[in-house]
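Heads up: the structure comes next, in structure tokens.
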Amino acid sequence: MSSKRKITVAYGDGIGPEIMDATIKILDAAGAQLEYEVIEIGEKVYLSGVTSGILDSAWDSLRTNKVFLKAPITTPQGGGYKSMNVTARKMLGLYSNVRPVQTLVPYVASKHHMDLVIVRENEEDLYAGIEHRQTADVVQCIKLISRPGSEKIIRYAFEYAVQYNRKKVTCFTKDNIMKMTDGMFHRIFNEIGEEYPHIEKEHRIIDIGSALLADSPERFDVIVTENLYGDIISDIAAQVAGSVGLCGSFNIGDHCAMFEAIHGSAPDIAGQDKANPSGLLNGAIMMLVHINQPEVASKIHNAWLKTLEDGIHTGDIKSDYTKQLVGTKAFAEAVIERLGQMPSHFAPITYSKGKDHDIKVFGVRPMVAPKKDLVGFDLFLDGPNFKADDLAAFIQSVCGRLTLKMISNRGARVWPNGIPETFTTDHWRCRLFGGVGTTHQELIDILQTAHDKGYDFIKIENLYYFDGEPGYTAGQGE
Ligand code: NAD
């Protein structure tokens with residue numbers, strides 16, 4: 001029986017095949033014990049009519065091999081195509097996306113010094129992809145943040161910090177605005193943080209956090225954040241460190257792991273032998289550690305550092321230290337020539353067996369279910385020609401025991417006491433409140449009357465109290 005570890009590989013789109021070829025050549029030359037099972041994903045699959053970008057048979061390979069080395073893919077615009085990256089992360093339960101970013105000055109030019117790790121939540125947030133067009137004017141995307149999902153990623157970040165002897169974990173949210181979703185993420189960060197007294201904790205609002213990350217990244221160590229913020233800040237960090245082409249990442253869950261570059265398929269330079277394969281190579285190095293081939297991982301990492309020190313650079317990292325500007329293939333050959341050599345400026349890397357990515361603490365915390373009381377409804381209506389006062393009069397005529405608390409348009413209160421400066425669209429929300437004891441039947445009766453009178457209700461959000469606390473936010477100006 002072969003002692004080689006079988007992994008699933010996808011060559012991807014754009015620069016994907018070039019950087020995957022380069023990476024596999026380096027892996028093989030370094031003596032990685034790997035057997036590759038290649039699956040087809042991405043553009044070709046999309047254009048054959050499969051909107052997920054991945055064939056059912058590919059899932060079998062991923063579920064059997066459990067380790068996936070993936071080149072970037074192109075998601076076609078529009079047409080109902082879903083991002084295969086997002087699908088793979090969610091279907092395989094890869095809840096944590098870990099993106100280390102280090103500067104390599106002076107060989108890779110950067111104004112900063114940084115050595116940080118972004119731990120990005122990988123399954124939730126606006127990436128749930130729940131979007132609807134509700135009226136002629138208004139579309140929506142639902143942001144879902146769950147308590148278990150937040151607990152898992154935040155605990156992962158703290159455990160990662162412990163494993164890697166990192167000193168500080170910073171949480172980025174926008175909870176001054178999104179009080180329910182980001183507010184919960186921040187609260188859970190505070191709760192779990194208490195279990196790690198030796199690690200410094202910090203919270204930053206995402207806007208100033210991103211600005212500080214671009215301006216003084218050395219102040220950060222581990223950053224944990226939600227899916228969209230994590231996606232954006234990891235490109236910022238990588239670019240500030242020198243190039244998006246440098247950074248690799250791993251996506252990990254309880255069952256499988258996926259290793260990739262952080263960048264996309266770069267169609268602007270595809271097929272030109274210009275792409276830097278370092279991002280995918282760094283993903284592959286993390287993969288070798290994950291599958292317990294740390295010596296090969298160290299050998300490749302050191303040869304890669306030596307290549308950069310020797311001034312052998314791809315175009316994206318060209319600097320005063322560049323001695324030889326090379327393409328993808330020649331860069332890979334230069335790394336291969338240096339296998340077995342150590343860097344002299346950078347500290348040599350020695351990975352150890354089994355330590356990395358072996359963090360297993362991510363059960364869901366036991367939670368006492370809160371008491372949940374229905375207290376009212378937000379009733380959304382499509383009304384291109386509505387006037388707030390007329391709509392209020394209608395709703396008050398049909399709402400029975402419930403009280404109309406306010407009407408808002410795009411979140412801004414327009415009744416009572418609306419002001420003419422507020423711009424309105426065709427998307428109206430009427431907040432009906434009945435207090436504890438409110439029933440669904442009361443809503444059904446209102447909807448029936450509204451329907452009979454020709455009103456187009458487009459959605460309902462139930463209003464609940466949880467343990468007596470409102471499970472909804474006030475409208476702006478309410
Ligand atoms: P991109 O990351 O592909 O490219 C952004 C810029 O960085 C381009 O100028 C590109 O030339 C450069 N660049 C990226 N990687 C490089 C490398 N290895 N070497 C040198 N230069 C590099 O981002 P984009 O242009 O916004 O997206 C292109 C496509 O990639 C889109 O279809 C997008 O959906 C997809 N995408 C895929 C992934 C993934 O598969 N994980 C991630 C992000 C974007």
Item to check | Boolean, residue 438 is under 32 Å from the mean Cα position of the chain (by Cα) and either surrounded by 19 or more Cβ atoms within 10 Å (Cβ to Cβ) or of a type in the set (Val, Ile, Thr) (or both) | outcome: no
Checklist entry - Among the residues of region 116-134, is any in a loop (DSSP other than H, G, I, E, B) and aromatic (Phe, Trp, Tyr)? => result no
Item to check | Complete set of residues in region 24-52 that are in contact (Cβ under 8 Å) with a residue 60 or more places away in the chain and of a type in the set (Lys, Arg) | outcome: 25
Next on the checklist: Which condition from (1) out of contact with any strand residue (DSSP E or B) (no Cβ under 8 Å at 6 or more places or on another chain); (2) within 11 Å of the ligand (Cβ to nearest atom) is the one that residue 231 breaks?
Outcome noted: (1)
Checklist entry - For region 1-80, which fully contained strands (runs of 3 or more DSSP E) count at least 1 residues that are buried (at least 24 other Cβ atoms within 10 Å of the Cβ)? => result 5-10, 67-70
Item to check | Positions within region 247-287 being surrounded by 24 or more Cβ atoms within 10 Å (Cβ to Cβ) and near the ligand (Cβ under 8 Å from one of its atoms), in sequence order | outcome: 260, 261, 262, 263, 275, 276, 277, 278, 279, 280
Checklist outcome for this item: Only unsatisfied item for residue 88, checking (1) at pLDDT 90 or above; (2) crowded, with 23+ Cβ neighbours inside 10 Å, is (1)
Next on the checklist: Among the residues of region 194-201, are any in contact (Cβ under 8 Å) with a residue 12 or more places away in the chain, among the acidic types (Asp, Glu) and outside any loop (DSSP other than H, G, I, E, B)?
Outcome noted: yes
Checklist entry - Looking at region 292-312, which of its residues are outside any helix (DSSP H, G or I), surrounded by 21 or more Cβ atoms within 10 Å (Cβ to Cβ) and in contact (Cβ under 8 Å) with a residue 24 or more places away in the chain? => result 293
Checklist outcome for this item: Filter region 313-325 for residues that are under 18 Å from residue 274 (Cα atoms) and away from the ligand (no atom under 12 Å from the Cβ); the one that is surrounded by the fewest Cβ atoms within 10 Å (Cβ to Cβ) is 323
Item to check | region 75-134, subset within 16 Å of the ligand (Cβ to nearest atom) and among the basic types (Lys, Arg), residue nearest to residue 154 (Cα to Cα) | outcome: 120
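The values are calculated or read from the model by the stated rules, or taken from the named source; none is laboratory data. These numbers were taken from a predicted model, which means no experiment stands behind them. Every residue, glycine as well, gets a Cβ built from its backbone with ideal geometry; the counts of neighbours run over all protein chains shown.
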